[in-house]
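Below: the structure, in structure tokens.
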Amino acid sequence: MDGYWIKRMLRRPWLSIVSFIVCGALCLLLCLLIAYRDNQAAYLAEVRDSYEIKAIVTDLRGTKSDNLRLSRRYTDFLRDTENGLGAYVRDLCLTKSFSAVSEIGFFRVTGISNERCTEATDSQSGGAWYSEVENFFDSEEQICLVPASKYDQLAGKDISLVLQDAYSMDKERVETYTFRVVGWYKGSGFAVDIPYLTSQTIAAHIAEAPSTDSASFTVKDNAKLDEMLEIAYKRFRKVDPSQTDYDFALTVYDKQYKATLASMEQNIRRISMLLPLIALLGLGAGFLMGLLGTRGEVRTYALMRTLGMSGGALFCTVLIEQLLLPLLATALVGVILHRPLPALIFFGCHLAGCVLAVLRPVMAPPTRLLHDQD
């Protein structure tokens, strides 16, 4: 019987070749589209998880992000995990700056809540830092980081600094504080970094009330961005260049993120719409090939039925004849691209079309087949 199928295919080599090429090409297209869609979906999930959406507190007009003098009403809201944004943010950067005078000159002392507050300490921006005190940024001790170029000279020593609020108009409000050098940050110069909580204690003595100069953060879970914004705008306002009120706005840099997601989601939708079309083309190709393969064979089928072959056996024989090369083409594509399921789905569509084309001329009674032929 194997020889019979081969002989039948060799009687119409052009049809067999076309069937092999068309099925292989359509199956290849389907597999490639599915692979591309899956890659886009995986990349989309990666973008949702890893894309860093930055947010920064500014004045209401959006022109200033430093020297804001934020009260604790705002900073507590940023840190509150129950009624504020604490559960929605990571890498919260709060800073408070002081002008300092010491025996080594004039410079700035800055309280920072996170290594990402400055480029010198931010490892993601090429910075680096070290502290012998664990949890430096959460400490309330009078400790400090100095430039790496000064650390060998000052390591473990106490330095006395006369501090003044860097943005205060009252130049008379100064205090002297002693800080122990416990680490360094990448760089040179004379600036000193201290823990943010320590800076707030100092600010409470030097100024009338503690305040924060700048605040920024990264969204913790991008999937909850809209939920986070809904809560954020209960305390902060949206940037409005036309306003002159003394209030604070929250600027969220999410336009590129949303544009990227929208573009990828649109690509995935377009590909998903093409997949049923490819499946229909596979069904149509199966029907056309089956129709061409059985054309002119009605008398042969009738004689085979008359000689005793059952309709079911004849149907299977003709169907195998029509599907042997398409099966080989789709199997090769599925194995090469490691996409057996899409290849199987395509072959199923091609099989359905071929069955529709072969069923009538093969399963009809022999007398009717001969009458139709005449």
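The values are calculated or read from the model by the stated rules, or taken from the named source; none is laboratory data. Please read these numbers as outputs of a predicted model, since none were measured by experiment. Because the Cβ atoms are built from the backbone with ideal geometry, glycine has one as well, and the counts that use them run over all protein chains shown.
Which residue out of A313, A331 is closer than 28 Å to L32 by Cα, assigned to a helix (DSSP H, G or I) and in the same structural domain as A357 (by TED's automatic domain parsing)?
One residue alone meets the criteria, A331.
Considering only residues that are hydrophobic (A, V, I, L, M, F, W, C), at pLDDT 90 or above and either part of a loop (DSSP other than H, G, I, E, B) or more than 17 Å from S199 (Cβ to Cβ) (or both), which ones fall in the range 104-147?
Applying the first criterion (hydrophobic (A, V, I, L, M, F, W, C)) to the range 104-147 yields 104, 106-107, 109, 112, 117, 120, 128-129, 133, 136-137, 143-146.
When the remaining residues are screened for being at pLDDT 90 or above, the result is 109, 112, 117, 120, 128-129, 133, 136-137, 143-146.
Correct list: A120, A128, V133.
Return the residues of the range 246-270 that are touching a helix residue (DSSP H, G or I) at 6+ places or on another chain (Cβ under 8 Å) and either surrounded by fewer than 16 Cβ atoms within 10 Å (Cβ to Cβ) or not in a strand (DSSP E or B) (or both); say none if nothing qualifies.
Across the range 246-270, the qualifying residues are D254, Y257, T260, L261, M264, E265, N267, I268.
From the set of residues in the range 271-309 that are small (G, A, S) and assigned to a loop (DSSP other than H, G, I, E, B), which is farthest from R37 (Cα to Cα)?
Result: G308.
Taking the criterion of being surrounded by fewer than 19 Cβ atoms within 10 Å (Cβ to Cβ), part of a loop (DSSP other than H, G, I, E, B) and assigned by TED's automatic domain parsing to the domain that holds E82, would at least one residue in the range 212-231 satisfy it?
yes
Which condition number does E82 fail, the rest of (1) surrounded by fewer than 16 Cβ atoms within 10 Å (Cβ to Cβ); (2) closer than 30 Å to K186 by Cα; (3) among the acidic types (D, E) being met?
(2)
Which one is surrounded by the fewest Cβ atoms within 10 Å (Cβ to Cβ), of the residues in the range 177-211 that are closer than 12 Å to I112 by Cα and either in contact with a Lys or Arg (Cβ under 6 Å, 6 or more places away or on another chain) or not aromatic (F, W, Y) (or both)?
The qualifying residue surrounded by the fewest Cβ atoms within 10 Å (Cβ to Cβ) is L197.
Exactly one condition in (1) closer than 21 Å to V18 by Cα; (2) at pLDDT 90 or above; (3) outside any helix (DSSP H, G or I) is not met by I345; state its number.
The single condition I345 does not satisfy is (3).
All but one of (1) under 22 Å from L225 (Cα atoms); (2) over 35 Å from the mean Cα position of the chain (by Cα) hold for Y74; state the number of the condition that does not hold.
(2)
Restricting to the range 47-60, give me the number of residues that are of a type outside the set (A, V, I, L, M, F, W, C) and at pLDDT 90 or above.
Number of matching residues: 5.
Being in contact (Cβ under 8 Å) with a residue 12 or more places away in the chain and acidic (D, E) is the filter here; which residues of the range 37-76 pass it?
Result: D49, E52, D59, D66.
In this structure, does L281 turn out to be without any contact (Cβ under 8 Å) to a residue 40 or more places away in the chain and buried (at least 16 other Cβ atoms within 10 Å of the Cβ)?
no
Of everything in the range 284-319 that's touching a helix residue (DSSP H, G or I) at 6+ places or on another chain (Cβ under 7 Å) and within 15 Å of F20 (Cβ to Cβ), which residue is surrounded by the fewest Cβ atoms within 10 Å (Cβ to Cβ)?
L292
Pick out the one residue from D245, D226, D221 that is more than 21 Å from L145 (Cβ to Cβ) and modelled with pLDDT under 90.
D245
Report, by residue number, each residue of the range 213-242 that is more than 16 Å from N83 (Cβ to Cβ) and β-branched (V, I, T).
T218, V219, V239
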